[in-house]
2 protein chains.
Amino acid sequence: MNPTRFHWKGLEQVAAQVLSRAGVRGEDAQLVARSLVHADLRGVESHGLSRLPIYVQRIEAGLIELTQPPALVVRQGATALIDGKNQLGVVVGVAALDEAKQLARQHGIGLAGVRHSNHFGSCSYYAEQAVDEGLILLVLSNAPASMAPTGGIVPFFGTNPIAIGIPAGEQPPFLLDMATSVAARGKIALAAKKGSAIPEDWAIDADGLPTHDPTKALLGSLLPIGGAKGYGLAMFIDIVCGLLTGAAVGPGVKSLYDNWQDPQDIGHVFLCIDVQRFLPLDAFRQSMDAYIRQVKNVPTAPGVAEILIPGEIEQRIMTARKQDGIPFPQTVVEELAKLCSAYGIDLAQAVCTA
Amino acid sequence: MNPTRFHWKGLEQVAAQVLSRAGVRGEDAQLVARSLVHADLRGVESHGLSRLPIYVQRIEAGLIELTQPPALVVRQGATALIDGKNQLGVVVGVAALDEAKQLARQHGIGLAGVRHSNHFGSCSYYAEQAVDEGLILLVLSNAPASMAPTGGIVPFFGTNPIAIGIPAGEQPPFLLDMATSVAARGKIALAAKKGSAIPEDWAIDADGLPTHDPTKALLGSLLPIGGAKGYGLAMFIDIVCGLLTGAAVGPGVKSLYDNWQDPQDIGHVFLCIDVQRFLPLDAFRQSMDAYIRQVKNVPTAPGVAEILIPGEIEQRIMTARKQDGIPFPQTVVEELAKLCSAYGIDLAQAVCTA
């Protein structure tokens, strides 16, 4: 068997089966499976099925709550606070998304804060769902420490992501999904494996000095986008996701990979806006289409074939991968095969039959 | 007369008198004067009294509405849409801030979108006012085109700023006020005057190539923070401030300095969160204090004396300048003196008497 490409629906089934046998309730298993495969479909492998093994390991270690669902702590006006109850992050995230959408439909805008959650996958998973219903969504999350404040040398903030989804009409929707660090830690780890240098703006070493050496960078700290600006954004995200909701903040957020005693206690914020309070949705969709065309018509730099709007390239990858299958690196295939076989699931059922 | 330092209260009076004689209604003149001096107090000279002459010139040119106040177009649930009626931007901004605060107190969160506005000064002016009342505020605005989308070579987006204010207790509040471009156009213009080189990540030339030459950069386009990430943030801000509210977008936003036919038609978004829906304000203030101390205690890089939180340095400058006066470059003093004398106001009344 040399499975280079997998069918996305098959992968969803396989992942849901594994999660289900690991003890995750049926519907929850499907939500998580969909989130992971969605990331792989969009070419965001860092948040795809390569995360399934660690999710399952934390379940096996008894670090994830599988029975108690996320609970509404309080709903007042257009805001809500949700206790994730240490459920799988995607289960918590979807509950918060539903709450924020409902509040936005009722009040024009809705904010759902979340505490006691876990790694909740790719933010664009939520943004895309809101966009499909004609809503604008802003998603924020804190994350385990990997980035020092500007001037500091010890990781304090996570790569705290921001995702924003805005519906369009015939054009692909606006789907921005970004970390507040210049580069992901995974990219630096990859450079270290390959023995290649990294750009100077990615990280500092343990002494706080700029470095091109990925090995030294891994012992140091990631750098935020735009210097003190990205530090400010990461701090803002930590405050609203953590201090405001009652989740952990800063180095108090536990690592998905390195901490085997405690729940992660991640916090999120879901902010949803109902476009229709401002103008009819159809009119907005048409404005977005015209606007996107205008952006794409800006003259390009030498060697640039096309201006892409946020999320456009991922949308194209998704279309191609839905048709041609999802390719995985051999290491991921081996990890998944091992996991599947431990749970008596046949990964081969997801292989594309050309 | 060699006035190196001015008293902030004296400057507020002088600016309000000039605006008032130029036709601005009493209370509005004071709002604008306060905003400009507030920026100078915080050391943000680019948004201080150096803008007073251009504000007055646009008033004299009949490009600003002085009589009709901003109007509420619609208020529904926790959202509102305000028509700035082409009033001075600060007058519009303060009206929108008041609306967002009121909505947040009522619904926990409030969003005020604004169309048909003008340059509204420093965003931190609004953020600080919300913070003083124990509220979290996020302010967004679009701006005249100066930044190309990633891959493009012609300015399309403004330096679209984000400001965020979060109250603390004994510690200074969190006050982030940032453009989504790496550098301000004013900094490049200054380098051009001095004949000094600029860093490669500030701008591209008219052909879309990286440049260290500020003169070429001024004919080209500013670069966003974090590459495509900053481009995405600037586009998001343009969409919600412009498309959603009915203000201009992209190159449709008119220049404060170069367009003498049309109103600027800038759009803003004010998003306010009432902390008390999540936890008692005192408890939040205490958490913020502890959190800020934790950030400031992160070990520092060689040569770094102290980790500063967003807004901290500006707060210190403000304290010093309230006591010692505000120093202005001679060019600004001359411009102000000229403007004042044209309106029969004595600038000397604001000079510090040591």
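Quick note: the coordinates plus some simple rules give every number you see, no bench work behind them. As the structure is a prediction and not an experimental result, all values here were calculated from the model. Positions of Cβ are backbone-derived with ideal geometry, glycine not excepted, and every protein chain shown enters the neighbour counts.
Some observations on this one:
- The order of the peptides A:113-120, B:193-200, B:101-108 by mean Cβ neighbours within 10 Å, most packed first, is A:113-120, B:101-108, B:193-200.
- Three-way shape label, chain A, alpha-carbon gyration tensor, a/c 1.5: rounded
- For the range A:1-73, dividing the convex hull volume of the Cα atoms by the residue count gives 118 Å³ per residue.
- Between B:Asn160, B:Asn142, B:Asn259, the GNM of chain B built on Cα springs shorter than 10 angstrom shows B:Asn259 fluctuating the most.
- Taking a ≥ b ≥ c as the square roots of the eigenvalues of the alpha carbon gyration tensor, the protein assembly as shown is prolate, as a/c is not under 1.5 and a/b beats b/c.
- Cut-off 11 Å between beta-carbons: net charge of the residues surrounding B:Gly23, Lys and Arg +1, Asp and Glu -1: -1
- Pairs from the table (A:Lys229/B:Lys9; B:Lys194/B:Lys216; B:Lys194/B:Lys229) lying more than 21 angstrom apart at Cα are A:Lys229/B:Lys9; B:Lys194/B:Lys229.
- Across peptide B:166-174, the average count of Cβ atoms from other chains found within 10 Å of a residue's Cβ is 1.
- The Stokes-Einstein estimate for the range B:65-204, based on a Kirkwood radius over Cα pairs and taken at 37 °C with 0.692 mPa s viscosity, is a diffusion coefficient of 196 µm²/s.
- Charge sum, other residues only, whose C-beta stays under 11 Å from A:Pro214's C-beta, Lys/Arg counted +1 and Asp/Glu -1: +3
- Calculated [θ] (222 nm, deg cm²/dmol) that DSSP helices of n ≥ 4 give over chain A, each run adding -39,500 (n - 2.57): -12000 deg cm²/dmol
- Look at the stretch B:104-115: the mean tally of other chain Cβ atoms within 10 Å of its residues' Cβ atoms is 5.
- Per-residue mean of C-beta atoms belonging to partner chains within 10 Å, peptide A:199-206: 1
- Across the options B:Cys272, A:Val139, A:Pro155, the greatest Cα extent toward the positive end of the charge dipole of the protein assembly as shown (unit charges at beta carbon of Lys, Arg, Asp, Glu) belongs to B:Cys272.
- Vicinal HN-Hα couplings computed from phi for the range A:248-260 (Karplus, 6.51 cos²θ - 1.76 cosθ + 1.60; Hz; Gly/Pro x): 5, 9, x, x, x, 6, 8, 5, 5, 9, 10, 10, 10
- Euclidean distance between Cα centres, the range A:1-61 to the range B:115-188, Å: 40
- Under a model in which nothing but the beta-carbon of Lys, Arg (+1) and Asp, Glu (-1) is charged, the range A:233-352 shows a dipole of about 380 debye around its Cα centre.
- Under 14 Å, Cβ to Cβ, from A:Ile162 - net charge with Lys/Arg +1 and Asp/Glu -1: 0
- Alpha-carbon radius of gyration plus Dmax, which is the widest Cα pair, for the range A:38-99 in Å: 14.1, 40
- The range A:233-305: C-alpha gyration tensor shape, a/c 1.5 cut-off, then a/b vs b/c: oblate
- Among A:282-293, A:222-233, the order from most to least packed when residues are scored by Cβ within 10 Å on average: A:222-233, A:282-293
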